[in-house]
């Protein structure tokens, strides 16, 4: 006996029962979905949100530390003795990074990179840093970068607008600076007369002098930097001369004579050569923006 007849209809009782069961389950699922609130359907495990206020306050406070840190090292890098024996551009980075690494390793509060990452992840408690983590090294690099590096961070974050670069001042290409240092057994330096005369109608024999090289030991360099050089003319700075123009430069000094003899005056040029009064010294000229320190030996 068939329960259903015709094409496409179920004739097996078991298939009929299974069909009704499946339909009941489907109707129940649709009813449950329609009656459930939308908020319940969208419910998901809560995720921590980045704390941008904490990150901003942290960077601002760290900027103050960077300014103090950079200001403290400015005393060393501007020291004349340091600049005499070391290159500031070459030694500034390693010195500041080593000190920054020591500070960030021993003071976890300075590990701004680790604290910023924790605030971005929404963590309330910041785990203590350890020697094997690289965050304290990154924080040390940020600290060693100084205020200029922090300004670039603020500019990239959009907190500070990029400033317009000022036009660099024009450098006077028509000037040069000259100083003279006297060596030899001269006792009274006040008796030395330095004469710098421009020879308008002459041609410079030694043209375009740009600088000089000195062969000094550690002691001489230390004394020159730390003490006042009484044998230098002028005592500080230099004589301002026209670049490319011929000059006649002489040093007149008293010679030591025998007892009862008439005092004599010697005249030498910047090359420590005796000057013929009839001919005069050889003319020289200087390159634009040249800073020349000449040493003149005045014998007995």
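Taken together, the values in this text are just the output of simple stated rules run on the coordinates, not laboratory data. Just so you know, these numbers come straight off a predicted model, no measurement behind them. Reconstructed Cβ throughout: ideal geometry from the backbone, glycine too, with neighbour counts over all protein chains shown.
Return the distance in nm (one decimal) between the two label points of a simple spin-label model at residue 133 and residue 181, each offset 7 Å from Cα along Cα→Cβ.
Simple spin-label model gives 5.3 nm for this pair.
Could you check the simple spin-label distance between residue 93 and residue 222, using points 7 Å along Cα→Cβ, in nm with one decimal?
3.1 nm
Give me the three principal axis extents of the range 52-157 from the C-alpha atoms, as integers in angstrom, largest value leading.
On the principal axes, the range 52-157 reaches 50, 31, 18 Å in Cα extent.
For the pair residue 289/residue 188, report the inter-label distance in nm, with labels modelled 7 Å from Cα in the Cβ direction.
The two pseudo-label positions are separated by 4.4 nm.
Between residue 80 and residue 148, take the C-beta separation as r, use R0 = 25 Å, and let me know the FRET efficiency to the nearest 0.05. List each step's numbers first, then the result.
Numbers: r = 24 Å, r/R0 = 0.94.
That gives a FRET efficiency of 0.60.
Please give the FRET efficiency for residue 121 paired with residue 167, using the beta carbon to beta carbon distance and R0 = 41 Å, rounded to the nearest 0.05.
E(calc), rounded to 0.05, equals 0.35.
May I ask you to compute the full-extension gain from residue 58 to residue 214, defined as 0.36 nm times their residue separation minus their alpha-carbon distance, rounded to one decimal in nm?
51.1 nm
Restricting things to Cα coordinates, could you compute the convex hull volume per residue of the range 175-297 in Å³?
Expressed per residue, the convex hull around the Cα atoms of the range 175-297 is 120 Å³.
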